[in-house]
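Q: Following this message is one structure expressed as structure tokens.
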Amino acid sequence: MLFIFAGVLLVWRGRNIIKGAGMPEGKIIYIDKHGRGSVTKPLFSSRLGITGKPDYLLLKKGMYIPVEVKSTSMPRKGAYRSHKLQVAAYCHLVEEHFGERPSYGIIKYDDGTYKVAYGNEIEQDLTAVVNCMRTDMSAANVLRSHEYWNRCIACDFQTACGEDLNL
Ligand code: SF4
């Protein structure tokens, strides 16, 4: 089982910026108070073998929309690929849990919101990334996949990984 972490994925140019810094429109449904069954635990997908819980759910026109809140400004070129895949994972979890597929999810940044369309392309990308992560998790040795020294500084695996860019 994999938990969804934004930091393990890479950067992808975005195009679906929603203007404005306010909260997205829709009725907020806190996931642990949802009417159609109590959901106090993280959502689980048996198909992908992932688990996670969005920061909150919106109910808009009968559709449940996961929202991920970031405490940073929106990247200049739109949401990072890692953020979009994280929201795609929540869309997948929401679909499997509620039996209804959201057509999009939302990233709420400090200064605006970004709409992530949940179509076949990003779902396939998500499946490929999850499979790749699972393969890496069972591998004896995994090479570093980035050149960001500041990512290594904040990493909990610095002492064990042997690929730390600050060494
Ligand atoms: S310390 Fe190792 S595991 Fe951590 S981010 Fe750097 S390369 Fe990745």
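No lab work stands behind these numbers, since they all come straight from the coordinates. Note that this is a predicted model, so its numbers are computed, not measured. Glycine gets a Cβ as well: all are built from the backbone with ideal geometry, and neighbour counts include every protein chain shown.
Q: How do Met137, Met74, Met63 line up, fewest other C-beta atoms within 10 Å first?
A: On the way: Met137 9, Met74 22, Met63 16.
Fewest-to-most Cβ neighbours within 10 Å comes out as Met137, Met63, Met74.
Q: Could I ask something else about it? Run the numbers for Arg144 and Ser71: contour at 0.36 nm per residue of separation, minus the present Cα-Cα distance, in nm.
A: Numbers: separation 73, 0.36 × 73 = 26.28 nm, distance 2.63 nm.
Net length gain for the segment: 23.6 nm.
Q: Glu121 to Ile153: FRET efficiency via 1/(1 + (r/R0)^6), r the Cβ-Cβ distance, R0 30 Å, to the nearest 0.05? Spell out each step's value before the answer.
A: Values: r = 34 Å, r/R0 = 1.12.
Efficiency at R0 = 30 Å is approximately 0.35.
Q: A further question follows. Suppose the chain between Met63 and Glu163 were pulled fully straight at 0.36 nm per residue; how much longer would it get relative to their current alpha carbon spacing?
A: Details: separation 100, 0.36 × 100 = 36.00 nm, distance 4.35 nm.
So the chain would gain 31.6 nm between Met63 and Glu163.
Q: If you don't mind, another one. Are any of the pairs Lys70/Lys115; Lys41/Lys115; Lys41/Lys108; Lys41/Lys61; Lys27/Lys115; Lys60/Lys115 more than 20 Å apart by Cα-Cα distance, and if so, which? Please report the intermediate quantities before stating the final value.
A: Working: Lys70/Lys115 13 Å; Lys41/Lys115 25 Å; Lys41/Lys108 22 Å; Lys41/Lys61 25 Å; Lys27/Lys115 17 Å; Lys60/Lys115 14 Å.
Exceeds cut-off: Lys41/Lys115; Lys41/Lys108; Lys41/Lys61.
Q: Starting with the fewest neighbours, write out Val130, Val142 ranked by other beta-carbon atoms found within 10 Å of each beta-carbon. If you can, show how the numbers build up before the last one.
A: Working: Val130 20, Val142 13.
Fewest to most other Cβ atoms nearby, the residues stand as Val142, Val130.
Q: Are there trypsin sites (Lys or Arg not before Pro) in the stretch 63-160 that DSSP marks as loop and that have at most 11 other Cβ atoms within 10 Å, and which are they?
A: Working: sites: Lys70, Arg76, Lys77, Arg81, Lys84, Lys108, Lys115, Arg134, Arg144, Arg151; in loops: Lys70, Arg76, Lys77, Arg144.
The qualifying sites are Arg76.
Q: Continuing with this model, one more query. Give me a comma-separated list of calculated 3J(HN,Hα) values for the stretch 66-71, in order, Karplus coefficients 6.51, -1.76, 1.60 applied at θ = phi - 60°, integers in Hz, x for any Gly or Pro.
A: x, 10, 10, 9, 10, 8
Q: Mind running the shape call on the stretch 124-167? Use the C-alpha gyration tensor, a ≥ b ≥ c as the square roots of the eigenvalues: rounded below 1.5 for a/c, prolate if a/b tops b/c, oblate otherwise. Walk me through the numbers before you get to the answer.
A: On the way: a/c = 2.79, a/b = 1.74, b/c = 1.60.
Since a/c reaches 1.5 and a/b is larger than b/c, the shape of the stretch 124-167 is classed as prolate.
Q: Rounded to the nearest Å, what's the spacing between the alpha carbon centres of the stretch 103-135 and the stretch 43-80? Just the number, please.
A: The two parts, judged by their Cα centres, are 8 Å apart.
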